[in-house]
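Worksheet: one structure, shown below.
The values are calculated or read from the model by the stated rules, or taken from the named source; none is laboratory data. Worth saying up front: this structure is predicted, and the values here are computed from it rather than measured. Don't worry about glycine lacking a Cβ; one is built from the backbone with ideal geometry, like all the others, and counts go over all protein chains shown. We work out accessible area using only protein heavy atoms, side chains counted, and drop any ligands, DNA or RNA first. Shrake-Rupley method; radii C 1.70, N 1.55, O 1.52, S 1.80 Å.
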Amino acid sequence: MTSSGNDPRTAELAERLAAVTLRIEAATVAAQRTDAPRLIVVTKFHPAADVRRLASLGVVDVGENRDQEAAAKSGELAGVDVRWHFIGQLQSNKAKSVVKYASSVQSIDRVQLVDALAKAMAREQDGTGRADLDCFIQVSLEDDAGAHRGGASPADVEVLAERIQSAGGLQLSGLMAVAPLGADPEAAFEKLAGISATLSSVHPAATAISAGMSQDLEAAIKFGATHLRIGSDILGSRPAVG
């Protein structure tokens, strides 16, 4: 375990992580839940050294938005025991790269991406025997079907779910969503909970809900989030480039 006393950045991360953990615990109690959601620390734009520090503080789940950055970090930290979650918009031609390091892809929003991931997983599992890829369908909670923050229309969720279920190497976990900018997050996450209930009525194992970021984690927990994606409140503002 790394000593935070000798490294100011580790001490800072420990303090921020503790504050977020307290918020999560308080929100879980307020929601009368006994199952605390899993914390995914979003490390985009921050160096691999920060992921190493977070791992020393007990963080086991980290999220990345860009394949190039995630592939480089996961390669550099091959000996560090963390699970990598891909949470950004993903081009189909990046599927081969992502399946080499990601335990989950949380931004599946179209059939072509499901097919690309299934093909990439077949090859990867043949070569390495890796576990199945956890798949979250990103659903848009906006009226314009994701023009701003990505995601499939709620009407398309079942088609994507069936495609994932029927593909080898892919495991349908549930849904991911981002609260629309400027909207009431409680209303957005209540809508998401309804979409999730519909999905899990057909696919009983697909109960995961990845929702909630630094500014709205309490609302997400209130409406059943099982995974939270927290970046800035733990890591601070992104480092200056150059």
With all protein chains present, how much of the accessible area of the range 1-91 (probe radius 1.4 Å) comes from carbon and sulfur, to the nearest whole percent? 52
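Among the trypsin sites (Lys or Arg not before Pro) in the range 139-199, which ones are in a DSSP loop with at most 15 other Cβ atoms within 10 Å of the Cβ? Mind listing them?
Numbers: sites: ARG149, ARG163, LYS191; in loops: ARG149.
Counting only loop positions with at most 15 other Cβ atoms within 10 Å, the trypsin sites (Lys or Arg not before Pro) in the range 139-199 are ARG149.
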Give me the base-10 log of I(q)/I(0) for the chain at each q in 0.08, 0.09, 0.11, 0.13 Å⁻¹, Debye formula, one uniform scatterer per Cα, rounded to two decimals. -0.29, -0.37, -0.56, -0.79
Explain nothing, just compute: Karplus ³J(HN,Hα) = 6.51 cos²θ - 1.76 cosθ + 1.60, θ = phi - 60°, for every residue of the range 74-84 in order, whole Hz, x for Gly and Pro. 5, x, 5, 10, 4, x, 8, 8, 10, 9, 9
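Please tell me the relative contact order of the range 55-116 in percent, rounded to the nearest whole number, where contacts are Cα pairs under 8 Å and at least six residues apart.
Values: 77 pairs, mean separation 21.0, N = 62.
The normalised contact order for the range 55-116 reaches 34 percent.
Among the listed pairs LYS119/LYS222; LYS73/LYS119; LYS73/LYS222, give every one whose C-alpha distance is greater than 30 Å. Don't skip to the answer; put the middle values down first.
Details: LYS119/LYS222 37 Å; LYS73/LYS119 24 Å; LYS73/LYS222 33 Å.
Checking Cα-Cα distances, LYS119/LYS222; LYS73/LYS222 exceed 30 Å.
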Once each part is reduced to its C-alpha centroid, what is the distance from the range 46-67 to the range 170-242 in angstrom? 19
For the range 136-217, with only Lys/Arg (+1) and Asp/Glu (-1) charged at the beta-carbon, what is the dipole magnitude about the Cα centre, in debye rounded to 20? 320
Using a Gaussian network for the chain with springs between C-alpha atoms less than 10 Å apart, which of these wobbles most: ALA102, ALA219, ALA36? ALA36
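Within the range 173-242, what whole-number % of the accessible surface is contributed by carbon and sulfur, with the 1.4 Å probe and all protein chains included in the calculation? Show your work: numbers first, answer last.
Values: 1710 of 2950 Å².
Exposed carbon and sulfur together represent 58 percent of the surface.
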Phi angles of the range 12-21, converted by Karplus (6.51 cos²θ - 1.76 cosθ + 1.60, θ = phi - 60°) into ³J(HN,Hα) in whole Hz with x for Gly and Pro, give 5, 4, 4, 5, 5, 4, 5, 5, 5, 4
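Run the numbers on the range 103-173 and let me know its relative contact order in percent, using alpha-carbon pairs under 8 Å that are six or more apart. Walk me through the intermediate numbers first.
Values: 108 pairs, mean separation 28.1, N = 71.
Relative CO of the range 103-173 lands at 40 percent.
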Using the heavy atoms of the protein chains alone and a 1.4 angstrom probe, what is the accessible area of the chain per residue in square angstrom? 47
Could you give each residue of the range 189-198 its phi-based ³J(HN,Hα) in whole Hz, using Karplus coefficients 6.51, -1.76, 1.60 with θ = phi - 60°, and x for Gly or Pro? 6, 5, 4, 4, 4, x, 5, 5, 4, 5
Take every Cα pair under 8 Å in the chain that's 6+ residues apart, average their separations, divide by the length, and report that relative contact order as a whole percent. 19
The long-range amide H neighbours of VAL42, using H built 1.01 Å from N in the peptide plane and a cut-off of under 5 Å, are GLY63, ILE230, GLY231
